[in-house]
Amino acid sequence: MAEFPPLRDDLVELTGYHSPQVEVPVRLNTNESPYAPPETFLRELEAGLRGIDFHRYPDRSATELRAATGASLRQPVERVFCGNGSNEVLQCLLLAFGGPGRRAAVFRPSYLLHEHIARITGTEVVGGGRRADFTIDPDEALGVLADARPEITFLCTPNNPTGVVEPRETVEAVLDAAPGLVVIDEAYGEFAPWSALELVADDRPLVVVRTFSKAWSLAAVRLGACVAPPRVVEALEAVALPYHLPAFTQLAGRLALGHEEETRHRVDVILAERERIQAALERMDGVASWPSGANFLLFRPHAPAGEVWRRLLDAGVLVRDCSSWEGLEGCLRVSVGTPEENDAFLDALSAAVQTEVVS
Ligand SMILES: *Cc1c(COP(=O)(O)O)cnc(C)c1O
C-alpha cells in the first residue's frame, strides 16, 4: 500500500511559529498598528480594484511598487525587492544565500522566525548571546562570526521582542567583520531613532528589511520589502516564485505609500503613547521594564509571568508571553495600542501585580 513519506528528518523537531490569536477586547500581542489604514486609502483601494486585470498575471517584477517603495526610502528601484510580508523576503534571502552546508548567525533573544526560516531552508543556525541590557556585545559577536563564518548574519534593530536599538557602532563593527551577508531586520525601523538604510551601498553585502505590517497598518495585506545591492535583488528574484506578488498586494502597497504623512503622524502618536506607558511601568511597583525603540515594550513582573498574563487576559487584555523564550525568563511583551487600550492595559497590569499572587 502507498505510504505517506515521513517529514524531512531535520524538520521533525520544528514546531510551527505560533502567536495565539484570542478574541479579546484589547489585543496587544502581535505589534500590529492599533489604527486601521486611512479612510482615503480604503476608498482609493476600492476604486483601484476595478482597474486590475484579474484574468492576467500581475507585473512579475512589481516595478511600480518597487519604485514607490524606493522613493519613500530614498533608494533606487534596482535596490528594492518586495515580498509577501518581510517573512517572504527573509525566506528568499535564505533560499538564495543559505541552504544545506551553510550557516546563519543570530543573537538571542531575537525574532524567532530568523532561525525558524533558516532551519526550514536547511541552513544551520549558530547563536550568539546578548548583554544583560539585551544589546549585542561587539567583541562577543565578532568571536561568533570568526568561529562560525556564517554566510548570513541576522541583526534585528529595534530588536523584537526586547525593543533594544543597536548602536550604529555595533552594526558597523558587525558589517566590517561579517564574512557574508548582513541582514538587518528593521520591521520597527519607522519607530527608531536611526536606520541602517543609509549604510546600504552597491558594493557592500548589507540588506535592510522593512515591512508594511507595523507602522503602515497593513498586516492583513502581507507586504514587505528589502533594500540591497542590485546583485542581491537579482538573486532574490531568481528564487522567488514567478508572479509571487499578487496584483492586489502591489496596488495596496503603492496606494499606501501615497499616505506617508498620515503614517508619520500615527507613528508620532504611537511614540508618545510608548513614552507614556514606559513612564507608567517605571513608576509601577512589582515590574521591571526596558526602554524601547519600537511600538512595543518588554517588561518583567516580579510575580510569575504566566499568572500575570492570565490575569491580564481575564481583564480582557492579551499580551505576548515571552517567559519561556531563552534569555527572557519571566518576561511579557506589550504592543502600544490606542490611548484607551493602553489605559486598559496599565489598569489591568497594576491590579495584577498588586494583588498577592497565589500559585
Ligand atoms: C512583525 C515582524 C516582521 C513582520 O513580518 P511580515 O511578514 O512583514 O508581517 C518582521 N520582522 C520582525 C522582527 C517582526 O517583529
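So which residues in the stretch 149-170 are assigned to a helix (DSSP H, G or I) and either basic (Lys, Arg) or within 15 Å of the ligand (Cβ to nearest atom) (or both), if there are any at all? Steps first, please.
Step one: list which residues in the stretch 149-170 are assigned to a helix (DSSP H, G or I), which gives 168-170.
Of everything in the stretch 149-170, just one residue is assigned to a helix (DSSP H, G or I) and either basic (Lys, Arg) or within 15 Å of the ligand (Cβ to nearest atom) (or both), namely Arg168.
For Ala173, which of the numbered conditions (1) open to solvent by 20 Å² or more (accessible area, probe 1.4 Å); (2) more than 15 Å from the ligand (Cβ to nearest atom); (3) in contact (Cβ under 8 Å) with a residue 60 or more places away in the chain fails to hold?
Unmet condition: (3).
Exactly one condition in (1) of a type in the set (Phe, Trp, Tyr); (2) assigned to a loop (DSSP other than H, G, I, E, B); (3) closer than 26 Å to Glu186 by Cα is not met by Phe41; state its number.
(2)
Between Ala187, Ala146, which is open to solvent by 40 Å² or more (accessible area, probe 1.4 Å) and either among the aliphatic types (A, V, I, L, M) or within 16 Å of the ligand (Cβ to nearest atom) (or both)?
Numbers: Ala187 fails: open to solvent by 40 Å² or more (accessible area, probe 1.4 Å).
Of the residues listed, the single one that is open to solvent by 40 Å² or more (accessible area, probe 1.4 Å) and either among the aliphatic types (A, V, I, L, M) or within 16 Å of the ligand (Cβ to nearest atom) (or both) is Ala146.
Determine, yes or no, whether Ala272 is open to solvent by less than 30 Å² (accessible area, probe 1.4 Å), out of contact with any strand residue (DSSP E or B) (no Cβ under 8 Å at 6 or more places or on another chain) and closer than 21 Å to Trp216 by Cβ. Step through it out loud before you land on a result.
Numbers: open to solvent by less than 30 Å² (accessible area, probe 1.4 Å): no; out of contact with any strand residue (DSSP E or B) (no Cβ under 8 Å at 6 or more places or on another chain): yes; closer than 21 Å to Trp216 by Cβ: yes.
No: the conditions fail for Ala272.
Would you pick out the residues in the stretch 111-130 that are in contact with a Leu (Cβ under 8 Å, 6 or more places away or on another chain) and either open to solvent by 10 Å² or more (accessible area, probe 1.4 Å) or more than 16 Å from the ligand (Cβ to nearest atom) (or both)? Even if it seems obvious, please write down each step before you answer.
Taking the stretch 111-130 and keeping what is in contact with a Leu (Cβ under 8 Å, 6 or more places away or on another chain), we get 113-114, 116-121, 123.
Matches in the stretch 111-130: Leu113, His116, Ile117, Arg119, Ile120, Thr121, Thr123.
If I filter the stretch 131-141 for residues that are of a type outside the set (Ser, Thr, Tyr), within 16 Å of the ligand (Cβ to nearest atom) and open to solvent by 30 Å² or more (accessible area, probe 1.4 Å), do I get at least one hit?
Here is the first cut: in the stretch 131-141, the residues of a type outside the set (Ser, Thr, Tyr) are 131-134, 136-141.
The next check asks that each one be within 16 Å of the ligand (Cβ to nearest atom); those that pass are 134, 136.
Now restrict to residues that are open to solvent by 30 Å² or more (accessible area, probe 1.4 Å): none.
Taking every residue of the stretch 131-141 in turn, none turns out to be of a type outside the set (Ser, Thr, Tyr), within 16 Å of the ligand (Cβ to nearest atom) and open to solvent by 30 Å² or more (accessible area, probe 1.4 Å).
For the stretch 65-140, give me every one of the strands (runs of 3 or more DSSP E) that falls completely inside it and has 1 or more residues that are of a type in the set (Asp, Glu), over 16 Å from the mean Cα position of the chain (by Cα) and under 27 Å from Ser323 (Cα atoms). Talk me through it step by step, then tell me what you get.
Values: elements: 80-83, 103-107, 124-128.
Fully inside the stretch 65-140 and qualifying: 124-128.
Identify, please: which residue in the stretch 214-236 is under 19 Å from Leu155 (Cα atoms) and touching a Ser or Thr at 6+ places or on another chain (Cβ under 7 Å) and is, among those, farthest from the ligand (Cβ to nearest atom)?
Out of the qualifying residues, it is Ala225.
Just the residues that are open to solvent by 70 Å² or more (accessible area, probe 1.4 Å), part of a loop (DSSP other than H, G, I, E, B) and over 19 Å from Ala68 (Cα atoms), please, taken from the stretch 199-241.
Residues satisfying the conditions are Asp202, Asp203, Arg204, Ala220, Leu241.
Can you tell me which of (1) open to solvent by 40 Å² or more (accessible area, probe 1.4 Å); (2) within 16 Å of the ligand (Cβ to nearest atom); (3) touching a residue at least 60 places away in the same chain (Cβ under 8 Å) is the one Gln91 doesn't meet?
Tallying (1) open to solvent by 40 Å² or more (accessible area, probe 1.4 Å); (2) within 16 Å of the ligand (Cβ to nearest atom); (3) touching a residue at least 60 places away in the same chain (Cβ under 8 Å), Gln91 fails exactly one: (3).
Looking only at the stretch 304-318, filter to residues that are in contact with a helix residue (DSSP H, G or I) (Cβ under 6 Å, 6 or more places away or on another chain) and open to solvent by less than 30 Å² (accessible area, probe 1.4 Å); which one of those is nearest to Val267 (Cα to Cα)?
Only one residue tops the list, namely Val317.
Show me the strands (runs of 3 or more DSSP E) entirely contained within the stretch 242-359 in which 2 or more residues are over 30 Å from Ala225 (Cβ atoms).
Working: elements: 287-289, 296-301, 332-335.
Passing ranges, in order: 287-289, 296-301.
The values are calculated or read from the model by the stated rules, or taken from the named source; none is laboratory data. None of the values given here were measured: they were computed from a predicted structure. Note: ideal-geometry Cβ built from the backbone for every residue, glycine included; neighbour counts use all protein chains shown. Quick note on the areas: whole protein, heavy atoms, side chains included, nothing else; ligands and nucleic acids left out. Shrake-Rupley method; radii C 1.70, N 1.55, O 1.52, S 1.80 Å.
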